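Encoded as structure tokens, the structure appears first; notes follow it.
The values are calculated or read from the model by the stated rules, or taken from the named source; none is laboratory data. Being a predicted model, the structure only gives us computed values, none of them experimental. Here Cβ is always computed from backbone atoms with ideal geometry, including for glycine, and neighbour counts include all displayed protein chains.
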Amino acid sequence: MGPESKHAQRMASFSEKGFYLAEFRGRTLMVAVRPEQIGDPEALERVLAELAANATRVVLISSGPEIFEAIHDTPVLSVEAPRLEAAIWHGLRGSGRVGVDTEDAKTFAAATVAIGLRLGVSKLVWIDRAGGLHDRDGRRLSFVHRDELRAHLSAPPDPEDRRLTLLRETEKALDAGLHAVNLCSAAGFADELFSYAGSGTLFTLDRYVEVRRLGIDDYDAADDLIGRGVDEGYLAPRSPEEIEQVLVNGFGAFVEGHHLAGIGALLRWSEEPVGEIASLYTLTRFLGEGIGAHLIDAACAGAAELGCAAVVAVTTSDRVARFFEHNGFERVSDDEIPEEKWRGYDPARRSRALCLRRAL
């Protein structure tokens with residue numbers, strides 16, 4: 001079976017969408033959209049239907065009846081309803097989805113955040129035609145923590161930026177304890193919720209990255225990332241046994257505690273006190289978050305605890321080699337890599353291998 005077939009097998013047993021649906025099951029999400037920002041109500045309704053089938057509860061917030069007329073089977077409450085939290089709770093128990101009409105477009109963003117904080121929802125998603133934030137070069141900012149958002153808001157305001165109020169309320173929400181806020185278009189709603197790459201911007205309080213050993217429940221996602229890295233040419237193809245070795249000795253960088261943003265493994269050579277960083281791969285969405293550096297630091301700390309004198313890495317990508325050099329590695333010849341590494345190694349790939357070493 002060729003590499004493409006093996007990767008297809010992996011994808012058949014694991015899907016990003018399934019990963020996120022499992023994460024959302026049994027939880028309550030809040031989705032907020034003003035009528036003029038809906039864009040594609042059918043795209044929004046399709047995702048809401050999938051969430052309902054997944055036993056994910058949704059509180060849909062809008063500033064007028066138009067959205068609720070377009071999204072079927074959504075009982076609607078007024079923001080002024082007595083004991084609003086209890087009314088929403090009863091509504092969610094009955095249908096799994098409840099609408100709340102803020103009735104005033106001018107206070108829509110503030111009212112949405114206030115309701116979200118009162119309910120203690122796990123996620124708020126703003127639906128906006130323009131989608132996520134972009135930098136000055138037009139690149140999407142897919143992951144923004146509170147300090148970055150604060151810097152964005154402290155810059156001279158763009159008189160054409162109609163979303164300043166929404167972003168200010170997002171900052172307040174993060175400060176007050178709302179765990180995660182997303183901003184995306186209706187057309188990109190599914191990708192933002194159900195894919196690693198996303199389509200919009202995820203706001204969180206901190207640039208929080210936890211690096212820990214992979215657990216059994218992380219293996220499917222990590223196996224998929226290894227397959228991606230191989231397909232993109234960053235990682236060397238590995239046999240099933242070698243992949244298992246990487247998973248068993250692997251660690252992951254997790255954003256928000258559960259988003260697997262990058263992986264790596266520390267392999268210890270038996271004949272020399274040297275460790276190898278293997279299968280280091282970071283999702284594109286999180287490239288700007290220093291995920292790779294966190295993974296390297298964790299590997300080096302683990303190697304030092306095992307009594308290793310050095311850590312090595314091997315790649316055929318000059319870009320990856322430069323990244324390792326930026327993190328304290330030096331290029332060395334292949335004969336400075338433990339001979340164990342080269343046993344059974346593809347000679348053609350070895351001829352192209354870039355070898356790196358970092359003393360501990």
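Things worth noting here:
- Every pair of residues 6+ apart whose Cβ atoms lie under 8 Å, when the first sits in the range 99-112 and is part of a helix (DSSP H, G or I) while the second is of a type outside the set (Lys, Arg) and surrounded by fewer than 14 Cβ atoms within 10 Å (Cβ to Cβ): ALA111/ASP104
- Out of ALA222, ALA298, ALA253, ALA261, one residue alone is assigned to a helix (DSSP H, G or I), crowded, with 23+ Cβ neighbours inside 10 Å and among the small types (Gly, Ala, Ser). It is ALA222.
- Scan of the range 301-360 for residues that are touching a Cys at 6+ places or on another chain (Cβ under 9 Å), surrounded by 15 or more Cβ atoms within 10 Å (Cβ to Cβ) and of a type in the set (Ser, Thr, Tyr), ordered by number: THR315
- A residue that is in contact with a Leu (Cβ under 9 Å, 6 or more places away or on another chain), among the polar types (S, T, N, Q) and under 19 Å from ALA236 (Cβ atoms) occurs nowhere in the range 346-358.
- Residue in the range 83-98 that is exposed (fewer than 15 other Cβ atoms within 10 Å of the Cβ), under 19 Å from LEU119 (Cα atoms), at pLDDT below 95 and hydroxyl-bearing (Ser, Thr, Tyr) present: yes
- Cβ separations smaller than 7 Å between residues 6+ apart or across chains give the following pairs from the range 310-338 residues that are of a type in the set (Val, Ile, Thr) to residues that are assigned to a helix (DSSP H, G or I) and surrounded by 14 or more Cβ atoms within 10 Å (Cβ to Cβ): VAL311/ALA299; VAL311/CYS300; VAL311/ALA303; VAL314/LYS341; THR315/ALA321.
- Some residue of the range 146-164 being of a type in the set (S, T, N, Q), in the same structural domain as GLU42 (by TED's automatic domain parsing) and crowded, with 16+ Cβ neighbours inside 10 Å: no
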